[in-house]
Amino acid sequence: MSFRATILTLFPEMFPGPLGHSLAGRALREAIWSLDCVNIRDFGQGRHRAVDDTPFGGGAGMVLRPDVLDAAIASVTDDRPLIALTPRGRPLTQARVKTLAAAPGVILLCGRYEGFDQRVLDARNAEEISIGDYVLAGGEIAALALLDATIRLLPGVMGAAESAEDESFSAPLLEYPHYTRPADWNGHTVPDILLSGNHESIAAWRRAGSETITKTRRPDLWAHHIASQPARP
């Protein structure tokens, strides 16, 4: 059975977007995964299909109504996890992506305006996920990012199984630098060790590169890595 992704959105025309190309697009055509979109406005209230209203307590912007959202969710709910894309959610991690890739699929709720009425998220036990510490106009781009990260891990999508295991965030460290032909480009040469054919030395060089990059760019990851190492006697 293929991985099924359902998107609840006010802009279904944004999908599949980039997911219709490259590895994800080929996998979609080969039915390794499937995509269906539900237009939240189809469940809107009244003659104008209203989906939002002013926030209780005052404040700027509009909030997506719980009755509208609940009706949209109810139309697709099953045993797949329900995820609401929001900047206040827990950060998306490679570990969470791996668990999603092992699931039968996912239901993604894309917000707009000032976000969702909290009651429907609580009632539906929705998981709130963020793709970064910034605010987007809506959850659709976040949904694309989450699906791109997940789909590439599905069996049969990537060419080499080890590729996914040798990347940033798959291990505790960021990935080492990569080089390819030509060996001399505008006076910039490839490190000699990579041309040596000594696989043990190359592995050590790559490990050192990962450590240096992680230490410099992501001290939080480096601190977590050091803390996770077994204590020396």
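Hey, can you grab everything whose amide H is under 5 Å from the amide H of Val38? Only 5+ residues off in sequence or another chain; H modelled, so Pro and N-termini drop out.
Ile7, Leu8, Thr9
Post the alpha-carbon centroid distance, the range 10-42 to the range 49-102, in whole angstrom.
18
Tell me the chymotrypsin sites (Phe, Trp or Tyr not before Pro) within the range 1-103 that lie in a loop according to DSSP and have at most 15 other beta-carbon atoms within 10 Å. Could the numbers behind the result be given before it?
On the way: sites: Phe3, Trp33, Phe43, Phe56; in loops: Phe56.
Qualifying residues, ordered by number: Phe56.
For the range 1-71, what does the accessible surface come to per residue with a 1.4 Å probe? Please give it in Å².
Numbers: 3970 Å² over 71 residues.
Roughly 56 Å² per residue, with all protein chains present.
Grab every C-alpha pair in the chain, bin the distances at 10 angstrom width from 0 up to the longest one, and report whole percents.
7, 25, 28, 21, 12, 6, 1, 0
How much mean residue ellipticity at 222 nm does the chain get from its helices, if each DSSP H run of length 4 or more adds -39500 (n - 2.57) and you divide by all residues, to the nearest 500 deg cm²/dmol?
Details: 7 runs with 72 residues, N = 233.
About -9000 deg cm²/dmol.
What percent antiparallel are the DSSP beta bridges of the chain, to the nearest 5? The partial results should precede the final answer.
Values: 5 of 27 bridges.
Beta bridges within the chain, antiparallel portion: roughly 20 percent.
Please state the relative contact order of the range 86-233 as a whole percent: Cα pairs under 8 Å, 6+ residues apart?
Details: 116 pairs, mean separation 32.5, N = 148.
Once normalised by length, the contact order is 22 percent.
Please report the base-10 log of the normalised intensity I(q)/I(0) for the range 1-50, using a Debye sum with one equal scatterer per alpha carbon and no solvent, at each q in 0.26 (1/Å).
Log10 I(q)/I(0), no solvent term: -0.94.
Given the alpha-carbon gyration tensor of the range 90-225, what are the semi-axes of its equivalent ellipsoid in whole angstrom, ordered largest first, with each equal to the square root of 5 times an eigenvalue? Please list the in-between numbers first.
On the way: eigenvalues 277, 58, 45 Å².
Working from the Cα gyration tensor, I get semi-axes of 37, 17, 15 Å.
Please compute the Kirkwood hydrodynamic radius of the range 30-164 from all pairs of different C-alpha atoms, in Å with one decimal.
Details: mean 1/r = 0.0623 Å⁻¹.
That comes to 16.1 Å for the range 30-164.
What is the percent carbon and sulfur in the accessible area of the chain, measuring with a 1.4 Å probe over the protein chains and ignoring ligands?
Details: 7420 of 13760 Å².
After summing per-atom areas, the C and S share lands at 54 percent.
In debye, nearest 20, what is the charge dipole magnitude of the chain about its Cα centre with +1 on Lys and Arg Cβ and -1 on Asp and Glu Cβ, if you could check? Don't skip to the answer; put the middle values down first.
Working: 23 positive and 28 negative charges, 19 e Å.
Charge dipole of the chain: 100 debye, to the nearest 20.
The values are calculated or read from the model by the stated rules, or taken from the named source; none is laboratory data. Treat the numbers as computed from the prediction; the structure is a model and nothing was measured. Methodologically, a virtual Cβ is constructed for each residue, glycine included, from the backbone with ideal geometry; neighbour enumeration extends over all protein chains shown. Heavy atoms of the whole protein, side chains included, go into the accessibility calculation; ligands, DNA and RNA do not. Shrake-Rupley method; radii C 1.70, N 1.55, O 1.52, S 1.80 Å.
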